[in-house]
Each structure stands twice: as structure tokens, then as C-alpha cells.
Amino acid sequence: MIVCIPSLLTPEVLAHLQQTLADVEFVDGKLTAGWHAKLVKANQQLAAGGTREHLTQTVQAALSRNPLFQAAARPRAIHSILFSRYEVGMSYGRHVDNALMASGRRSDLSFTVFLNDPADYGGGELVIEGADSETPYKLAAGSAILYPSTTLHRVDPVTEGTRLVAVGWIQSFVRDPGQREILFDLEAVKRSLFAQSGKTDEFDLLTKSIANLLRRWAE
Ligand code: NI
């Protein structure tokens, strides 16, 4: 399941991130890639330190407040957030993300938060491969995409301008993607039922079932 989260960041938070990232040191992205991903990773990222800590907390807070993200990811930990910059000619070739990250957390879901306008750069699409297709994503500034860490994916070369993103990983309470999708769909029905008819007997039963499925599946 791939979920786009429009306007994850408010315009104020987005502007704060953009201003902060305009005036900081970036380092070679190969420093945080596994040995084979290093072969295809050509970008820059914000160096570790206080600024990265602060911006990480900003992105974590925005995700934690977002109901769509919460329903889709059921996050146990939002971790390993990186701020990446791609100048002209930079790309990140086809790879799969590491299953276990340096943080000691598992990657069940990956996300990209787009930090500048798609009109600001050419190329630079995030391309996610399916079994028999591939789909390019290039979202509005402040929007995010959440996708399974199990996929092969890449970032196509930037042909003009600069691509600025935050990327990170989720360890979910619900490891199985099929179970996560059932909970996501039921949550959508629950909200729709409530909007139509309020807190009915049916709403209460559905709420009970979602809670009890989560008790069975959460780890
Ligand atoms: Ni990746």
C-alpha cells in the first residue's frame, strides 16, 4: 500500500525547514548507505548534529499529528530521518532499503517528505517498482509519500535545479502489510460511519473490532 499525505507540513513549518537547510553544511550521502547502496547513491545530506536533531523532531511531530499517517503506518518508531539534497546530475539508483537500521529499528515503511516545489527542479522523481510496473512520484512541497520498505525504488537524476527532501523509516506496531491494510480500511469506514450517523451501535461494534484486531496484531 502506497499512501500520499498531502500538506503534511504547514506552510510555516515548511518555510522554517527550507530556511534552516539553506544555511547549513551538507555531506556526502554515501556515509549512511549500505555497501551496495553506496554504489548507486549520489546525493548530499545534512551532517549529524544539533540542527539535524531539531529538524528531525520537527518532522516527527508533523507525522505524529497526522491522522492519515497514523492510520496507514501504525508507527512504533519514526526513525533515522535524513535531510537530502540532490544537485544537477545527482541521483539514487535502484536499491532496497536496509531491513535493520543503525538505530536498531526495523524498517517496515519508508517515507519521503518533499521540501521544495516540483517546479524548482527537473527530473528527481522517486520511482517505486511494482511486480510489473513502476510509478514515479514528485509531490508538492510539504507533502509526503509513505511506501513499503520492501520495494525496489530509485531517485531519477536531477536535470536542473535542486531537489530537497526529508526521508525516514517507520517500525510499525503491525509488521504484516496485509494486516496494516485491513486496519487502514476499517479505520476509513469507521470515520465515514461517524461522519454520516455519529456514534451509533454499528460504530461502537466496529470500533471494538478495530481495537481488538490491533491487540491481536500489535507487537
Ligand atoms: Ni531507499
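The values are calculated or read from the model by the stated rules, or taken from the named source; none is laboratory data. All of these numbers come straight from a predicted model, not from anything done at the bench. So basically every Cβ, Gly included, is an ideal-geometry build from the backbone, and we count neighbours across all protein chains shown. The area values use the complete protein model at the heavy-atom level, side chains included, leaving out ligands, DNA and RNA. Shrake-Rupley method; radii C 1.70, N 1.55, O 1.52, S 1.80 Å.
Take Glu125 and tell me if it is farther than 17 Å from Ile170 by Cβ, out of contact with any Leu (no Cβ under 7 Å at 6 or more places or on another chain) and within 15 Å of the ligand (Cβ to nearest atom). I'd like the intermediate steps shown before the answer.
On the way: farther than 17 Å from Ile170 by Cβ: yes; out of contact with any Leu (no Cβ under 7 Å at 6 or more places or on another chain): yes; within 15 Å of the ligand (Cβ to nearest atom): yes.
So Glu125 passes the test.
Report every pair of residues separated by at least 6 positions or lying on different chains whose Cβ atoms are under 7 Å apart, first residue within region 74-103 and of a type in the set (Lys, Arg), second part of a strand (DSSP E or B) and away from the ligand (no atom under 13 Å from the Cβ). What qualifies is Arg74/Ser172; Arg76/Gln171; Arg76/Ser172; Arg85/Phe26; Arg85/Gln44; Arg85/Leu164. Here Ser64 clears all of (1) away from the ligand (no atom under 16 Å from the Cβ); (2) more than 18 Å from the chain's Cα centre (by Cα) except the condition numbered (2).
In region 164-193, which residue that is in contact with a helix residue (DSSP H, G or I) (Cβ under 8 Å, 6 or more places away or on another chain) and farther than 23 Å from Ala77 by Cα is farthest from the ligand (Cβ to nearest atom)?
It comes out as Leu193.
Please go through region 1-32 and pick out each residue that is touching a residue at least 40 places away in the same chain (Cβ under 8 Å), open to solvent by less than 40 Å² (accessible area, probe 1.4 Å) and either farther than 28 Å from Asn98 by Cα or of a type outside the set (Val, Ile, Thr) (or both). Give the steps one after another, and end with the answer.
Step one: list which residues in region 1-32 are touching a residue at least 40 places away in the same chain (Cβ under 8 Å), which gives 1-11, 13-14, 16-18, 21, 26, 29, 32.
Imposing the further condition that a residue be open to solvent by less than 40 Å² (accessible area, probe 1.4 Å) reduces the set to 3, 5, 8-9, 13-14, 17, 21, 26, 29.
Those that are touching a residue at least 40 places away in the same chain (Cβ under 8 Å), open to solvent by less than 40 Å² (accessible area, probe 1.4 Å) and either farther than 28 Å from Asn98 by Cα or of a type outside the set (Val, Ile, Thr) (or both): Leu8, Leu9, Val13, Leu14, Leu17, Leu21, Phe26, Gly29.
Between residues in region 48-73 that are assigned by TED's automatic domain parsing to the domain that holds Ser143 and residues that are of a type in the set (Ser, Thr, Tyr) and surrounded by 12 or more Cβ atoms within 10 Å (Cβ to Cβ), which pairs lie under 7 Å by C-beta distance while being six or more apart or on different chains? Pairs found: Thr51/Thr20; Leu55/Thr20; Ala73/Ser172.
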